[in-house]
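Here is the structure we will look at, set down as structure tokens.
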Ligand code: SF4
């Protein structure tokens, strides 16, 4: 049996009953895909994920009604809970007594109270976390990078913008004397995840890293993409907690945990599959893992239908992005050749960043194929 790879000397941060970093066993996490206000379904999913081995389970909270639901969910589970704050950072004060960890996205701190400096908002989150014994995750995502950083790196080095954003938040947290935090830097492409995490870890080897490929899509492709990035990083000692984000029906969400544990077991045993990167050269479908914000339950089915309907284009190097909501959909589909995001009764479609309109769930597949055929024909003509 080969020696497990030596880990970066990260700080230990406690999240309820688990500790992340400092060479401790790597924690596998997941997130609920149910409506947070559906207390029975969400509590059942938390317990399903925890039962499968999730060390931390995340729940999205956007409204005071979500907070009320979270209070009831808290009573129905002993799992370590993390809250995912979207724009409404002030809700942290109400949810912190109910959870063990708060995740905020630096790019989302601009949406509310625009005149208030982001530094003051972080100070508020630190005060709340400190008062209620919570850890913090600074969750940077390629599709929602701090707009100021994105503008500064308009040359296209998204990784530089992401790292700079994470670094300045780490520096502020350090100055505020709050050390119980970890960082995540997620992208939908495995090679970008590798690049951005390696560069960050070289600068801040002390900060525990939460690894994941965002919007990896449906299994098995989503597991392959995640495995490629995580194997590369973990075997180099980078990463203290992981999430495998998969587009799955709610009842099968525990497969994220199983996939994560398998990856960790394989890395520990020296079984690597990094050569699989070559297999990602053709049509790439990225889709979000869905969460409480998903706008139509047909989303998971839609993602599967898109995969089936586009198989004929498998050898073309194009990316189709499928997202579950209007909050993150527009940003997360920016870099795709064809992007779709769900509304309650319609699906928005865009081609190379240009919005083409909103289509009913019945209309969207033929319209998508039309656009895909156009892109393929245009590429052929350009050859
Ligand atoms: S795109 Fe929307 S529905 Fe999908 S995981 Fe992100 S926030 Fe949730």
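The values are calculated or read from the model by the stated rules, or taken from the named source; none is laboratory data. Please read these numbers as outputs of a predicted model, since none were measured by experiment. Quick reminder, even Gly has a Cβ in these numbers, built from the backbone with ideal geometry, and neighbours come from all protein chains shown.
Tabulated data for the structure shown
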| quantity | calculated |
| --- | --- |
| Every pair of residues 6+ apart whose Cβ atoms lie under 6 Å, when the first sits in the range 336-347 and is without any contact (Cβ under 8 Å) to a residue 24 or more places away in the chain while the second is more than 11 Å from the ligand (Cβ to nearest atom) and in a loop (DSSP other than H, G, I, E, B) | 346/360 |
| Boolean, residue 224 is part of a helix (DSSP H, G or I), more than 13 Å from the ligand (Cβ to nearest atom), free of Cβ contacts under 8 Å to residues at least 60 places away in the same chain and surrounded by fewer than 24 Cβ atoms within 10 Å (Cβ to Cβ) | yes |
| Wholly enclosed helices (runs of 4 or more DSSP H) of the range 10-112 bearing at least 3 residues touching a strand residue (DSSP E or B) at 6+ places or on another chain (Cβ under 8 Å) | 39-51, 64-75 |
| Leading residue by the ranking (farthest from residue 122 (Cα to Cα)) among those in the range 72-90 that are touching a helix residue (DSSP H, G or I) at 6+ places or on another chain (Cβ under 6 Å) and modelled with pLDDT of 95 or more | 76 |
| One residue from 269, 281, 259 being more than 16 Å from the ligand (Cβ to nearest atom) and in contact (Cβ under 8 Å) with a residue 60 or more places away in the chain | 269 |
| Matching residues, the range 351-377, being within 22 Å of residue 299 (Cβ to Cβ) and in contact with a helix residue (DSSP H, G or I) (Cβ under 8 Å, 6 or more places away or on another chain) | 351, 356, 359, 361, 364, 365, 368, 369, 372 |
| Condition check for residue 133: modelled with pLDDT of 95 or more, in the same structural domain as residue 63 (by TED's automatic domain parsing) and farther than 21 Å from residue 55 by Cβ | no |
| Residues (surrounded by 23 or more Cβ atoms within 10 Å (Cβ to Cβ) and more than 16 Å from the ligand (Cβ to nearest atom)) located in the range 81-94 | 81, 92 |
| Residue within the range 61-69 that is closer than 14 Å to residue 137 by Cα and more than 16 Å from the ligand (Cβ to nearest atom) present | no |
| Scope the range 15-30; condition under 20 Å from residue 96 (Cβ atoms) and either more than 19 Å from the chain's Cα centre (by Cα) or surrounded by fewer than 17 Cβ atoms within 10 Å (Cβ to Cβ) (or both); matching residues | 16, 17, 18, 19 |
| Where a residue in the range 100-115 is more than 14 Å from residue 185 (Cβ to Cβ) and in the same structural domain as residue 74 (by TED's automatic domain parsing) and its partner, wherever it lies, is at pLDDT below 95 and part of a loop (DSSP other than H, G, I, E, B), with Cβ under 7 Å and at least six apart | 108/86; 108/87; 111/87; 112/87; 112/88 |
| One residue from 12, 52, 33, 44 being surrounded by fewer than 21 Cβ atoms within 10 Å (Cβ to Cβ) and in contact with a helix residue (DSSP H, G or I) (Cβ under 8 Å, 6 or more places away or on another chain) | 52 |
| Criterion violated by residue 251 - all others in (1) assigned to a helix (DSSP H, G or I); (2) modelled with pLDDT of 95 or more satisfied | (2) |
| Cβ-Cβ under 6 Å pairs, at least 6 apart or on other chains, the range 227-248 side in a helix (DSSP H, G or I), far side within 16 Å of the ligand (Cβ to nearest atom) and at pLDDT 95 or above | 229/213 |
